[in-house]
Amino acid sequence: MGVTKIQRRTRIKKGIRRKISGTTSRPRVSVFRSNKAIYGQIIDDLKGVTLVSASSKEIGSSSNNIEVSKEVGKKLAEKAISEGMESVIFDRNGYPYHGKVKAFAEGAREGGLKF
């Protein structure tokens, strides 16, 4: 029996998390895609605390497409800058850097986050 899509993403995710970790001065931006929504969090891994979060549900969108993903990235960046965060580390969470994840990252960059 082959490796499932979830097992593959988990293996990639563990490899990514071995290499990157969010600190107080440079927190980690984690993105999660579901079938209905996209979520973004800014996390301080040293304290184990989520500092800021945003989702497509918060924006009020019922669809999950590239435009919505970009808006969620901008919303997350807006919240982060109001909290005083500017420089972050991007964690794609095992997803390919393509489509919705890429749009989310571009939206966060347009919003003012640096990574």
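The values are calculated or read from the model by the stated rules, or taken from the named source; none is laboratory data. The structure presented is a predicted model; accordingly, all values stated were derived computationally and were not measured. Cβ: placed from backbone, ideal geometry, glycine included. Neighbour counts: every protein chain shown. To get the accessible areas, we keep the full protein, side chains included, count just its heavy atoms, and leave off ligands, DNA and RNA. Shrake-Rupley method; radii C 1.70, N 1.55, O 1.52, S 1.80 Å.
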Search segment 99-115 for residues that are of a type in the set (Asp, Glu) and pair each with any residue that is at pLDDT 95 or above when their beta-carbon atoms are under 7 Å apart and the residues are at least 6 apart or on different chains. Glu106/Lys70; Glu106/Gly73; Glu110/Lys74
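Just wondering, is there one or more residues in segment 76-86 that are open to solvent by less than 70 Å² (accessible area, probe 1.4 Å) and under 12 Å from the mean Cα position of the chain (by Cα)?
Taking every residue of segment 76-86 in turn, at least one turns out to be open to solvent by less than 70 Å² (accessible area, probe 1.4 Å) and under 12 Å from the mean Cα position of the chain (by Cα).
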By residue number, the members of segment 89-114 that are assigned to a helix (DSSP H, G or I), in contact with a Phe, Trp or Tyr (Cβ under 9 Å, 6 or more places away or on another chain) and open to solvent by 30 Å² or more (accessible area, probe 1.4 Å) are Arg109
For residues that are of a type in the set (A, V, I, L, M, F, W, C) and open to solvent by 80 Å² or more (accessible area, probe 1.4 Å), scanning just segment 1-47, find the one that is farthest from Glu83 (Cα to Cα). Met1
So Ser63 passes all but one of these: (1) open to solvent by 60 Å² or more (accessible area, probe 1.4 Å); (2) closer than 22 Å to Tyr97 by Cβ. Which condition number does it fail? (1)
